[in-house]
1. For the range 22-35, does any single residue satisfy the condition of being aromatic (Phe, Trp, Tyr) and over 18 Å from the mean Cα position of the chain (by Cα)?
2. Only one of Ser184, Ser107, Ser179 is in a loop (DSSP other than H, G, I, E, B) and either open to solvent by 60 Å² or more (accessible area, probe 1.4 Å) or touching a residue at least 40 places away in the same chain (Cβ under 8 Å) (or both). Can you tell me which?
3. Can you tell me which residues in the range 123-141 are open to solvent by 30 Å² or more (accessible area, probe 1.4 Å), more than 18 Å from Ser162 (Cα to Cα) and part of a loop (DSSP other than H, G, I, E, B)?
4. Pull out all pairs, ordered by first then second residue, where Cβ-Cβ is under 7 Å, the residues are six or more apart or on different chains, the first lies in the range 15-34 and is farther than 15 Å from Gln47 by Cα, and the second is assigned to a loop (DSSP other than H, G, I, E, B) and open to solvent by less than 30 Å² (accessible area, probe 1.4 Å).
5. Among the residues of the range 44-57, are any under 18 Å from the mean Cα position of the chain (by Cα) and closer than 21 Å to Asn160 by Cβ?
6. Looking at the range 142-163, which of its residues are open to solvent by 20 Å² or more (accessible area, probe 1.4 Å) and among the small types (Gly, Ala, Ser)?
Amino acid sequence: RYTEAVEQLGSKEAPVRLGGVYTLVGLVDEWLEEKSLSDDERFKEGQVIINNLCAYIRSPLTLKSRMGNLQPEADVRLGIIKEIHDRLQGPEENTPGTWSDFEYDFSGSTFFYPIEFSRVFFNKTADFSGCTYMHEADFGGTIYRNWADFRGSTYLAHANFSGSSYHGAASLNDSVYRSTADFSGNLYLDQANFSGSTYHDAVTFVDSTYRN
């Protein structure tokens, strides 16, 4: 099923690609429930599939898709983001989800659709470095237990990082904000780096706490 689903991700038809996404998501859930394996083995197998899903998000658009209708491809990528988002939330507020112990590498992605990772829980590294956000980016209320890497990113619409907690290093340096940005009410327990960034519109850092 894994091999077939990965092949589906390369299909020319968006519904087939989306079907491959849902198969891979289901396989991760199955690995995590496999009681005959150790925790390390379950998460190792799941991480392989997570890496595939992240690689799809990072993949550049083909020339053909750039010239045509982007919505079908946006729907596939939004499907991936939604499935990940929902599994990064626990049943109680501010608690880890079943996928919170995986690493996520979205570095260099172009998000040509609204992106939402609000009120989720990352226990491992979350790499969003070098990304371009063409629509609103919502990371509000998120908890990062490890390194949160947003270096060198470009935001063309509103960026919301408010109400978040950073337990590891927060790298938000060398970024460009073409619209408004909200970093209010954040908690930084480790290094917080905002150096070298450019803000073209209103930005707020009010009511934040820096412990390092």
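1. Looking for residues that are aromatic (Phe, Trp, Tyr) and over 18 Å from the mean Cα position of the chain (by Cα), one finds at least one in the range 22-35, hence yes.
2. Step by step, each of Ser184, Ser107, Ser179 is checked, and only Ser107 is in a loop (DSSP other than H, G, I, E, B) and either open to solvent by 60 Å² or more (accessible area, probe 1.4 Å) or touching a residue at least 40 places away in the same chain (Cβ under 8 Å) (or both).
3. Across the range 123-141, the qualifying residues are Asn123, Lys124, Thr125, Gly130, Met134.
4. Arg17/Leu9; Gly20/Leu9
5. Yes, the range 44-57 contains at least one residue that is under 18 Å from the mean Cα position of the chain (by Cα) and closer than 21 Å to Asn160 by Cβ.
6. Gly152, Ala157, Ser162, Gly163
The values are calculated or read from the model by the stated rules, or taken from the named source; none is laboratory data. Note that this is a predicted model, so its numbers are computed, not measured. Backbone-built Cβ (ideal geometry, glycine too); neighbour counts: all protein chains shown. The area values use the complete protein model at the heavy-atom level, side chains included, leaving out ligands, DNA and RNA. Shrake-Rupley method; radii C 1.70, N 1.55, O 1.52, S 1.80 Å.
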